[in-house]
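Visitor: There's a structure below that I have some questions on.
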């Protein structure tokens with residue numbers, strides 16, 4: 001009983017403290033002559049604001065500071081300047097293979113995830129008997145934990161008794177050591193990425209397809225447009241903004257591959273994904289400074305590629321309210 005009241009009191013302290021801080025922030029905003037509704041709004045979002053500053057903003061900037069230090073989690077941070085970055089770029093034998101496999105995985109899986117999800121959404125966009133059951137089945141993949149999915153794929157790719165090798169043997173293909181042979185590690189992960197076609201991405205595309213005005217298709221049919229022409233000139237432009245979001249989110253997700261790879265544990269000769277390298281350096285080898293440096297390099301890669309996608313978007317993204325200047 002003493003443990004219960006001790007735990008309960010600690011949990012009770014948190015909301016009480018947040019309430020006191022919200023009230024204090026409200027009166028502080030009033031001292032700065034903000035209107036009552038503005039001060040009330042800021043006070044109401046203060047729990048999220050404090051959480052963001054404490055659990056998101058501070059760790060981000062602290063990791064940036066750690067990337068310039070030699071820190072082992074248990075000692076004191078020693079400032080080393082750019083040494084961590086110089087070591088990664090010039091001396092680290094694991095860094096460049098990690099960048100290579102991460103970028104190759106993203107490049108190969110991005111079109112599979114985006115266009116595969118769009119294709120599945122087109123298939124389940126038909127109003128036929130029992131289609132809601134199929135939509136539910138396709139969405140179930142989104143709620144399965146990555147750890148369980150990784151275990152399933154590990155069994156499928158088992159070099160001795162896996163189903164994939166069994167089906168390949170029917171065509172005379174010898175057994176493949178998917179995660180032991182460096183040549184097959186990346187192809188195995190690309191095959192696994194097909195799993196990402198289903199789930200949330202498909203549902204988002206399905207919602208976008210449902211939002212395309214039917215009168216556009218009817219007008220095209222009157223003009224004699226084929227199915228492909230309707231898809232090219234109506235469907236794609238109408239959902240292009242959704243495609244942009246999916247491309248960006250899929251790109252970020254593929255570059256941050258971690259859980260499935262961590263459970264599958266392929267040979268390191270093929271390289272390990274950058275998020276895995278961050279975890280290994282920081283929590284296995286206790287080189288938190290190097291881990292932070294790798295994390296920030298990964299952030300820069302994601303930022304540059306995302307900006308490149310947005311830079312190219314005016315050429316292929318269509319907005320109904322957009323008015324382009326005639327030249």
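Visitor: Consider segment 255-269. How many of its residues are surrounded by fewer than 19 Cβ atoms within 10 Å (Cβ to Cβ) and either farther than 20 Å from residue 110 by Cβ or touching a residue at least 60 places away in the same chain (Cβ under 8 Å) (or both)?
Guide: So in segment 255-269, the residues surrounded by fewer than 19 Cβ atoms within 10 Å (Cβ to Cβ) come out as 256, 258-259, 262-265, 267-269.
Adding the requirement that they be either farther than 20 Å from residue 110 by Cβ or touching a residue at least 60 places away in the same chain (Cβ under 8 Å) (or both) leaves 259, 262-265, 267-269.
So the count comes out to 8.
Visitor: Considering only residues that are touching a residue at least 24 places away in the same chain (Cβ under 8 Å) and over 30 Å from residue 287 (Cβ atoms), which ones fall in segment 29-70?
Guide: 46, 47, 50
Visitor: Output yes when any residue across segment 229-244 is without any contact (Cβ under 8 Å) to a residue 60 or more places away in the chain, loosely packed, with under 14 Cβ neighbours inside 10 Å and over 21 Å from residue 121 (Cβ atoms), and no when none is.
Guide: The answer is no, given that none of the residues of segment 229-244 is without any contact (Cβ under 8 Å) to a residue 60 or more places away in the chain, loosely packed, with under 14 Cβ neighbours inside 10 Å and over 21 Å from residue 121 (Cβ atoms).
Visitor: So, of the residues in segment 236-279 that are more than 17 Å from the chain's Cα centre (by Cα) and not in a helix (DSSP H, G or I), which turns out to be modelled with the lowest pLDDT?
Guide: If we take residues in segment 236-279 being more than 17 Å from the chain's Cα centre (by Cα) and not in a helix (DSSP H, G or I), then 265 is modelled with the lowest pLDDT.
Visitor: Which residues, taken from segment 201-217, are surrounded by 10 or more Cβ atoms within 10 Å (Cβ to Cβ) and more than 33 Å from the chain's Cα centre (by Cα)?
Guide: 216, 217
The values are calculated or read from the model by the stated rules, or taken from the named source; none is laboratory data. The model shown is predicted, which means the values in this text are computed figures rather than measured ones. Because the Cβ atoms are built from the backbone with ideal geometry, glycine has one as well, and the counts that use them run over all protein chains shown.
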